[in-house]
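The values are calculated or read from the model by the stated rules, or taken from the named source; none is laboratory data. Just so we're clear, the structure is a prediction, and the values are computed from it rather than from any experiment. Heads up, the Cβs are rebuilt from the backbone with ideal geometry, glycines too, and the neighbour counts pull from every protein chain shown.
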Amino acid sequence: MEYTFTLKYQLADDGCTSDELVERLAESGCDDALVGIGQPGRLALEFTREATDAEQAVLSALSDVRRAVASAKLIEVAPDLVGLTDVAEIVGVSRQNMRKLMLTHPSSFPTPVHEGSASIWHLADVLTWLQARGSYSLTRSVLEVARVASQINVAKEGRRLPALALKELETLVG
């Protein structure tokens, strides 16, 4: 099956030119990715990778990038953190329709990761909720990639917590 996802990185200032970077990525197996290097110090790779499952697709891409640019630091795997507009676009409905669903199902609609003037959710949570409602046609690969992206991003951020804080946090947030 084919899986589409994006890996975003922060690059070290190692003097590598853009052409050298693109060449190293292609040599390491990233020839199935569109390379974005427009923002200084950043690298975005949009993969369309053939694999048996989403986890294998994403993990193999992470490995290929690590081999090409060992000093690059992963920022995020996408799609994961999204607003209602993003979800609406992925699902093929209007933003107003997504907002109406959120407002009419306040107790069951997924809890946002950040709530404010612009709230954001883990895409996998919202897609799983929509799928359970049964009235939306979702591509299996999109949901699989969103789940893997969320797991990797949460694990990456979780490594920043000291072990004691993590244990205490588990008891406080349930």
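Among the residues of the range 61-89, those that are in contact with a Lys or Arg (Cβ under 7 Å, 6 or more places away or on another chain) and more than 29 Å from residue 111 (Cβ to Cβ) comprise 61, 68, 69. Residues in the range 97-126 that are of a type outside the set (A, V, I, L, M) and in contact (Cβ under 8 Å) with a residue 40 or more places away in the chain were compared, and the one that is farthest from residue 143 (Cα to Cα) is 121. Listed by position, the helices (runs of 4 or more DSSP H) inside the range 94-165 whose residues that are closer than 15 Å to residue 54 by Cβ number at least 1 are 123-133, 140-158.
Residue pairs whose Cβ atoms lie under 9 Å apart, sitting 6 or more positions apart in sequence or on different chains, and linking a residue in the range 74-96 that is among the basic types (Lys, Arg) to a partner that is in a helix (DSSP H, G or I), are 95/84; 95/85; 95/87; 95/88; 95/89.
Being among the small types (Gly, Ala, Ser), buried (at least 20 other Cβ atoms within 10 Å of the Cβ) and in contact with a strand residue (DSSP E or B) (Cβ under 6 Å, 6 or more places away or on another chain), is that true of even one residue in the range 126-149? Talk me through it step by step, then tell me what you get.
Restricting attention to the range 126-149, the residues satisfying the condition of being among the small types (Gly, Ala, Ser) are 132, 134-135, 137, 141, 146, 149.
If we keep only those that are buried (at least 20 other Cβ atoms within 10 Å of the Cβ) too, we end up with 146, 149.
Imposing the further condition that a residue be in contact with a strand residue (DSSP E or B) (Cβ under 6 Å, 6 or more places away or on another chain) reduces the set to 149.
Within the range 126-149, one or more residues are among the small types (Gly, Ala, Ser), buried (at least 20 other Cβ atoms within 10 Å of the Cβ) and in contact with a strand residue (DSSP E or B) (Cβ under 6 Å, 6 or more places away or on another chain).
In the set 167, 156, 100, which member is exposed (fewer than 12 other Cβ atoms within 10 Å of the Cβ) and either outside the structural domain of residue 51 (by TED's automatic domain parsing) or closer than 25 Å to residue 7 by Cα (or both)?
Only one candidate qualifies: 167.
Candidates in the range 23-45 are the residues that are surrounded by 15 or more Cβ atoms within 10 Å (Cβ to Cβ) and more than 30 Å from residue 140 (Cβ to Cβ); of these, the one that is modelled with the highest pLDDT is 24.
Can you pull out every residue in the range 127-146 that is β-branched (Val, Ile, Thr) and free of Cβ contacts under 8 Å to residues at least 40 places away in the same chain? Can you show your working first?
We begin by selecting, within the range 127-146, every residue β-branched (Val, Ile, Thr); these are 128, 139, 142, 145.
Of everything in the range 127-146, those that are β-branched (Val, Ile, Thr) and free of Cβ contacts under 8 Å to residues at least 40 places away in the same chain turn out to be 128, 139.
I need a count of the residues in the range 45-82 that are in a strand (DSSP E or B) and not basic (Lys, Arg).
Initial filter on the range 45-82 (in a strand (DSSP E or B)): 45-50, 73-78, 81-82.
Right, trim to not basic (Lys, Arg) and you get 45-48, 50, 74-78, 81-82.
Residues meeting the conditions: 12.
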